[in-house]
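Below is one structure, written out as structure tokens; the observations come after it.
The values are calculated or read from the model by the stated rules, or taken from the named source; none is laboratory data. All figures in this text were calculated on a predicted structure; none of them were measured in a lab. Note that each Cβ is placed from the backbone with ideal geometry, even for glycine, and that neighbours are counted across all protein chains shown.
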Amino acid sequence: MSTRTKQLELEKLKVQIVIQGICQDLAETATNLVFGSGDIDAKVCFIGEAPGKKEDLLGLPFVGASGKFLDEMLASVNLSRDKVYITNIVKYRPPNNRDPLPQEKAAFMEVLNKQIEIIDPKLIVTLGRHSMNCFFPNLVISSVHGKVQKLKNRLLLPLFHPAAALYNGSLKKTLISDFQQIPLILNTI
């Protein structure tokens, strides 16, 4: 699929969210739809759970404190936002930054799967248990973080969420260490 076709397909998906009223209750409390950003031809797609306050205000994923930490980790493996694609499962901020509800995640899974199909990354990196469990509901993040999983014709690397690492110093070292695998994985694909 050409880059232009991908752009058009992703725009259709954004419009579809609004027209179909996906999670309309969240849309009414949010400032912006936070669809995704980055290289739509990327080999790596990062998936978080839902936008936070700053993401909601700017309409972009991972632009708050977690996003700054993600940027630092990307730089540590010679990547940048313009070389990867970043999105969330849920595309609207849940009120008061609460965890997304199961029905909210389920409502956006078709959109997320289409996003992945259009972008066609070789590696999906889930950030946190919520995004990992959308693909592997029976896995526990503390047991499988940093261990590559097979997901149809793609690889999936479950990692702790950057926010968890910011609040728990011991997780920070683990996340940074797990993150270092990304270029190694890409070199084997």
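A quick yes/no check of all residues on (1) among the hydroxyl-bearing types (Ser, Thr, Tyr); (2) out of contact with any helix residue (DSSP H, G or I) (no Cβ under 8 Å at 6 or more places or on another chain); (3) within 15 Å of LEU74 (Cα to Cα):
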{"site": "MET109", "(1), (2), (3)": "no, no, no"}
{"site": "ASN113", "(1), (2), (3)": "no, yes, no"}
{"site": "ILE118", "(1), (2), (3)": "no, no, no"}
{"site": "LEU123", "(1), (2), (3)": "no, no, yes"}
{"site": "THR126", "(1), (2), (3)": "yes, no, yes"}
{"site": "ASN138", "(1), (2), (3)": "no, yes, no"}
{"site": "ASN153", "(1), (2), (3)": "no, yes, no"}
{"site": "LEU159", "(1), (2), (3)": "no, no, yes"}
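If the condition is being surrounded by 15 or more Cβ atoms within 10 Å (Cβ to Cβ) and in a helix (DSSP H, G or I), then region 145-172 contributes PRO162, ALA163, ALA164, ALA165, LEU166, LEU171, LYS172.
Look through region 69-82, keep the residues that are in a helix (DSSP H, G or I) and touching a Leu at 6+ places or on another chain (Cβ under 8 Å), and return whichever of them is surrounded by the most Cβ atoms within 10 Å (Cβ to Cβ). Only one residue fits best here, namely LEU70.
Within region 93-109, the presence of at least one residue that is more than 28 Å from ASN153 (Cβ to Cβ) and crowded, with 16+ Cβ neighbours inside 10 Å is confirmed.
Screening GLY36 on (1) touching a helix residue (DSSP H, G or I) at 6+ places or on another chain (Cβ under 8 Å); (2) in contact (Cβ under 8 Å) with a residue 24 or more places away in the chain; (3) on the phi < 0 side of the Ramachandran plot shows it passes everything except condition (3).
Only a single item in (1) part of a helix (DSSP H, G or I); (2) in contact with a helix residue (DSSP H, G or I) (Cβ under 6 Å, 6 or more places away or on another chain); (3) within 24 Å of GLY169 (Cα to Cα) is not met by HIS130, and it is number (2). The number of residues in region 142-185 being of a type outside the set (Lys, Arg), on the phi < 0 side of the Ramachandran plot, modelled with pLDDT of 95 or more and touching a strand residue (DSSP E or B) at 6+ places or on another chain (Cβ under 8 Å) comes to 18.
Would you be able to tell me the number of residues in region 17-47 that are surrounded by fewer than 19 Cβ atoms within 10 Å (Cβ to Cβ), assigned to a helix (DSSP H, G or I) and not β-branched (Val, Ile, Thr)? So the count comes out to 4.
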